[in-house]
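Engineer: Below are the structure tokens for one structure; questions will follow.
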């Protein structure tokens, strides 16, 4: 880590102000965040509107939530990225995409999802420009809200890994409460 100094929190000062702080939470200010919608993502080497239409067809065709479980989003070079699964059924294209990485840079990623007919998987490359990453509280708060919502949604699906999904949802909620003073809100109206 070189000469980097850790950020220290004065837990006594936090307690004196009525805030209980969980030291296991890595300070959100150590990251930069992306917060946008699927319609704002720049897809590579493919017609972005066609990709969005195909993804929307998959959502419309899905019986229940089965196909949506298999949607995965990855960033090259590390980091975290999530889609707001609980808003995917909307026809207005308001599927939120959030991510976090250590430093702002041009970033590439991939969305893996079932094809519109459900018989195969499609892979769509996308890019997020360096200038789209931000350290503002709005973007970071959106990240933790969508992350918590995503893991909460998965935890309710009775899948292997449910305990992990619950733990990650609770982590996101703790950050929202302790760092952003937000209540536990996981419904789609607040995405």
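Engineer: In the range 56-84, which residues are crowded, with 17+ Cβ neighbours inside 10 Å, modelled with pLDDT of 75 or more and not in a strand (DSSP E or B)?
Structural biologist: 71, 79, 84
Engineer: Restricting the search to the range 106-116, which residues are over 11 Å from residue 55 (Cα atoms) and either assigned to a loop (DSSP other than H, G, I, E, B) or without any contact (Cβ under 8 Å) to a residue 24 or more places away in the chain (or both)?
Structural biologist: Result: 106, single match.
Engineer: Select from the range 87-96 the residues that are at pLDDT 60 or above and either crowded, with 20+ Cβ neighbours inside 10 Å or farther than 26 Å from residue 139 by Cβ (or both) and list them in ascending order.
Structural biologist: Scanning the range 87-96 gives 95, 96.
Engineer: Check 99, 172, 125 and return the single one that is assigned to a strand (DSSP E or B), touching a helix residue (DSSP H, G or I) at 6+ places or on another chain (Cβ under 8 Å) and modelled with pLDDT of 85 or more.
Structural biologist: 99
Engineer: A further question on this structure: Looking only at residues in the range 24-46 that are more than 13 Å from residue 126 (Cβ to Cβ) and at pLDDT 75 or above, which one is surrounded by the most Cβ atoms within 10 Å (Cβ to Cβ)?
Structural biologist: Of everything passing the filter in the range 24-46, 33 is surrounded by the most Cβ atoms within 10 Å (Cβ to Cβ).
The values are calculated or read from the model by the stated rules, or taken from the named source; none is laboratory data. Everything numeric in this text was worked out from a predicted model, so none of it was measured. For neighbour counting, all protein chains shown are included, and Cβ atoms are generated from backbone atoms with ideal geometry for every residue, glycine included.
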